[in-house]
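Reviewing the structure listed below.
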Amino acid sequence: MESLEAELDRARDLSVDELADAIESIGFECTRCGGCCTGYAPDEPGGAPAGAGSGERDDDGDTADPNNGDSGCHDEREPHTATVFPDEVRRVADAAEESFGESYDWRDVARPMPFGLSEAPDGEPAGETFEWALATDDCGDCTFYQESDGQGACAVHDSRPLICRTYPFSVALDGTSQPMGEAVDAEGVVRAHECEGLGRDISREDAAELAAALKQRAVRELEEAIGVRDTYDPSAGERADGDVVVFDSEGPKNADGTPVGDD
Ligand code: SF4
């Protein structure tokens with residue numbers, strides 16, 4: 001594997017025009033199915049299509065079941081996991097505060113990425129992780145996902161993280177993240193992952209916008225990986241407030257996003 005710095009150079013050298021050519025050739029239009037914003041079944045890596053498990057939201061943001069009045073959440077689904085960078089957590093919190101007129105703190109937006117964590121005797125997660133994931137609701141769906149009449153929408157659309165702006169695409173560079181599941185299409189360095197919107201016509205303008213975000217995401221992911229490597233502190237767990245430490249590019253943090261102290 002190339003060094004992260006070499007991969008970062010490659011990401012910075014990516015041609016947005018060539019990425020846009022690849023996206024145009026693969027084709028994509030978001031159908032607002034909600035598949036990339038919701039919990040998923042193991043055999044359904046793209047997530048649950050709108051209406052295939054989640055009903056419409058009730059007043060407290062849960063998903064209401066029109067038949068029996070309880071949560072109506074699909075069981076047997078894994079919670080949605082989408083990586084969010086630390087600066088994006090703050091931006092999403094600001095956007096949510098503006099949209100909903102109430103205060104949003106770190107934990108309202110992000111949770112420690114569960115992969116690699118173990119379970120403490122009290123059933124709570126424990127260990128070290130190296131990413132934040134968007135927070136999920138009782139149904140395992142992104143807390144910012146809204147649905148009505150079978151159409152999904154994002155409550156923080158203009159401030160949504162890069163991973164959301166660029167789904168279902170990724171670039172094939174070491175050190176960048178790939179959505180779950182095998183790529184279903186590829187063109188040059190661009191990979192396309194399970195999504196019902198693939199193969200649809202896309203305008204050059206939209207392809208160019210997506211391509212620019214895809215390049216930005218690849219650069220950002222590698223910068224984040226380098227930052228995590230450089231700020232990693234193996235003794236942080238001894239000073240943490242709880243059983244979980246999240247190492248992001250800003251240094252070790254507690255599960256609520258506060259920095260782990262020095263002593
Ligand atoms: S932030 Fe918005 S686009 Fe991203 S997963 Fe949540 S609802 Fe979907």
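Numbers for the structure displayed
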item: Selection from the stretch 219-244 of residues that are crowded, with 21+ Cβ neighbours inside 10 Å and within 23 Å of residue 122 (Cα to Cα); result: 236, 244
item: Candidates 142, 154, filtered to the one that is under 11 Å from the mean Cα position of the chain (by Cα) and within 8 Å of the ligand (Cβ to nearest atom); result: 142
item: Single condition residue 157 does not satisfy, out of (1) in contact (Cβ under 8 Å) with a residue 12 or more places away in the chain; (2) touching a helix residue (DSSP H, G or I) at 6+ places or on another chain (Cβ under 9 Å); result: (1)
item: Cross-chain or 6+ apart pairs with Cβ under 6 Å, the stretch 141-152 first and within 19 Å of residue 78 (Cα to Cα) and in a strand (DSSP E or B), then of a type in the set (Gly, Ala, Ser) and within 7 Å of the ligand (Cβ to nearest atom); result: 146/155
item: Test: residue in the stretch 192-203 that is more than 28 Å from residue 120 (Cα to Cα) and without any contact (Cβ under 8 Å) to a residue 12 or more places away in the chain; result: yes
item: Wholly enclosed strands (runs of 3 or more DSSP E) of the stretch 158-208 bearing at least 1 residues within 16 Å of the ligand (Cβ to nearest atom), under 13 Å from the mean Cα position of the chain (by Cα) and more than 25 Å from residue 4 (Cβ to Cβ); result: none
item: Subset of the stretch 245-263 (residues that are surrounded by fewer than 18 Cβ atoms within 10 Å (Cβ to Cβ) and assigned to a loop (DSSP other than H, G, I, E, B)); result: 250, 256, 258, 261, 262, 263
item: Selection count, the stretch 92-115, where residues are within 11 Å of the ligand (Cβ to nearest atom), in a helix (DSSP H, G or I) and either touching a His at 6+ places or on another chain (Cβ under 7 Å) or under 28 Å from residue 128 (Cβ atoms) (or both); result: 3
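Read the figures in this text as sums done on the coordinates, not as results from a lab. Note that the structure is a prediction, hence the values are computed from the model and not measured. Neighbour counts are summed over all protein chains in view; Cβ atoms, including those assigned to glycine, are modelled from backbone coordinates with ideal geometry.
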